[in-house]
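Notes follow the structure.
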Amino acid sequence: MNILVTGSSGHLGEALVRTLRNLGNQVTGLDIKPAPYTDIVGDIAIKSDVEKAAIGAEAIIHAATLHKPHVATHAKQDFIDTNVTGTLNLLEAASAINTKAFILTSTTSTFGDAMKNNPGEPAVWIDEDVVPKPKNIYGVTKLAAENLCELFHRNAKINCIILRTSRFFPEEDDKKERREAFSGDNLKVNEIFYRRADIADMVSAHLCALDRAAAIGFGKYIISGDTPFQKSDLVQLGTDAKSVIAQYYPEYPEIYARLNWQMFSSIDRVYCNQKAKRELLWSPKYTFGYILNRLEQGLPYQSELALEVGSKGYHDRTFSHGPYPVEE
């Protein structure tokens with residue numbers, strides 16, 4: 001298949017290009033920054049750049065975006081240009097050439113304040129029935145991009161699948177108190193069963209979306225690692241997460257003790273991926289149980305793809321007070 005991947009110089013974009021090419025697809029990588037997996041250096045906010053890159057594309061995976069870490073360093077107009085105008089340009093190009101599938105990499109950040117709770121309160125169960133309440137320009141523009149996809153599905157009959165991805169970045173956490181309390185690896189493994197997935201599972205979700213786009217037509221899906229939790233666990237997760245987790249994974253305290261790791265005392269949300277598993281026929285491999293088994297064997301908890309792609313960062317400069325400035 002001839003596939004256009006936007007954001008090919010980024011973390012997910014490179015992982016997608018690598019995987020799709022290894023599967024025998026003809027892939028064009030488009031990004032504003034040059035990189036080994038980018039074929040065309042161009043700006044998705046410029047219509048002519050998009051039209052050039054989209055020639056012959058049977059499918060488009062739109063992973064390019066300005067992220068939450070850019071909120072404090074970029075103007076709101078920059079987010080509109082990239083996340084909204086860029087998506088519009090791609091959808092218009094897809095419509096003009098009758099692209100078979102359009103996959104938008106969106107974000108669970110669109111839920112925003114719908115996930116808000118106070119310390120000690122029950123964790124919030126997040127599935128596709130929750131109404132998004134974006135709390136910053138990033139969430140607003142990603143939600144607008146989702147709405148554009150739905151509009152083009154209705155009016156131009158483009159098969160559009162929206163993947164609301166949870167965390168998969170390898171960079172440091174943005175919260176200083178978490179960086180000081182936990183190692184980076186400890187933090188990421190702690191998050192895998194409620195708000196994170198390995199990049200290999202993120203890529204496989206995009207491949208499933210490509211395969212299922214024609215049959216589904218239009219759909220929105222939360223893409224995050226498997227969770228063992230039930231809604232009946234939410235109250236205790238907000239106050240004593242360690243006990244709940246030990247019920248599902250009795251082996252974890254011993255493994256964590258050998259690594260000198262700690263588990264969170266409370267969890268504020270749980271992302272439910274059941275709709276994606278059911279309709280996209282997707283199944284994440286890097287579950288908490290699978291990772292515990294790897295840790296017990298002395299193996300890396302990350303996938304080989306995650307290790308190959310590595311960390312990209314979000315900015316071309318460093319900051320003295322953290323990996324990037326944060327503005328809620």
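Overview of results
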item	result
Qualifying residue in region 215-231 (condition: in a helix (DSSP H, G or I) and within 17 Å of P122 (Cα to Cα))	yes
Matching option when the condition is hydrophobic (A, V, I, L, M, F, W, C), modelled with pLDDT of 95 or more and surrounded by fewer than 14 Cβ atoms within 10 Å (Cβ to Cβ), among A215, A306	A215
Which numbered condition M115 fails, given (1) surrounded by fewer than 18 Cβ atoms within 10 Å (Cβ to Cβ); (2) in contact with a Lys or Arg (Cβ under 9 Å, 6 or more places away or on another chain); (3) under 30 Å from Y256 (Cα atoms); (4) of a type in the set (A, V, I, L, M, F, W, C)	(1)
Subset tally (residues that are among the hydroxyl-bearing types (S, T, Y) and in a helix (DSSP H, G or I)) for region 179-214	1
Y290 vs. criteria aromatic (F, W, Y), under 23 Å from C149 (Cα atoms), at pLDDT 95 or above and not in a loop (DSSP other than H, G, I, E, B)	no
Region 257-279 - residue that is assigned to a loop (DSSP other than H, G, I, E, B) and under 16 Å from the mean Cα position of the chain (by Cα) and, of those, farthest from M202 (Cα to Cα)	C272
Scan of region 171-200 for residues that are under 30 Å from C160 (Cβ atoms) and out of contact with any Gly (no Cβ under 7 Å at 6 or more places or on another chain), ordered by number	E191, Y194, R195, D198, I199, A200
Unique residue being of a type in the set (K, R) and out of contact with any Asp or Glu (no Cβ under 7 Å at 6 or more places or on another chain) when the list is K220, K135, K188	K188
Residues (surrounded by 22 or more Cβ atoms within 10 Å (Cβ to Cβ) and either modelled with pLDDT under 95 or within 15 Å of the chain's Cα centre (by Cα) (or both)) located in region 131-142	Y138, G139, K142
Test: residue in region 103-112 that is surrounded by fewer than 22 Cβ atoms within 10 Å (Cβ to Cβ), among the aliphatic types (A, V, I, L, M) and on the phi < 0 side of the Ramachandran plot	no
Looking only at region 22-40, and only at residues there that are farther than 19 Å from M1 by Cβ and out of contact with any helix residue (DSSP H, G or I) (no Cβ under 9 Å at 6 or more places or on another chain), the one that is surrounded by the fewest Cβ atoms within 10 Å (Cβ to Cβ)	P34
Complete set of residues in region 218-248 that are basic (K, R) and either modelled with pLDDT under 95 or in contact with a strand residue (DSSP E or B) (Cβ under 7 Å, 6 or more places away or on another chain) (or both)	K220, K231
Selected residue [of a type outside the set (S, T, N, Q) and modelled with pLDDT under 95] from R196, R164, R154, R179	R179
Condition broken by A45, with the remaining ones in (1) farther than 22 Å from I162 by Cβ; (2) out of contact with any Leu (no Cβ under 7 Å at 6 or more places or on another chain); (3) of a type outside the set (V, I, T) satisfied	(1)
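The values are calculated or read from the model by the stated rules, or taken from the named source; none is laboratory data. Small disclaimer: the values here were computed from a predicted structure and weren't measured. Don't worry about glycine lacking a Cβ; one is built from the backbone with ideal geometry, like all the others, and counts go over all protein chains shown.
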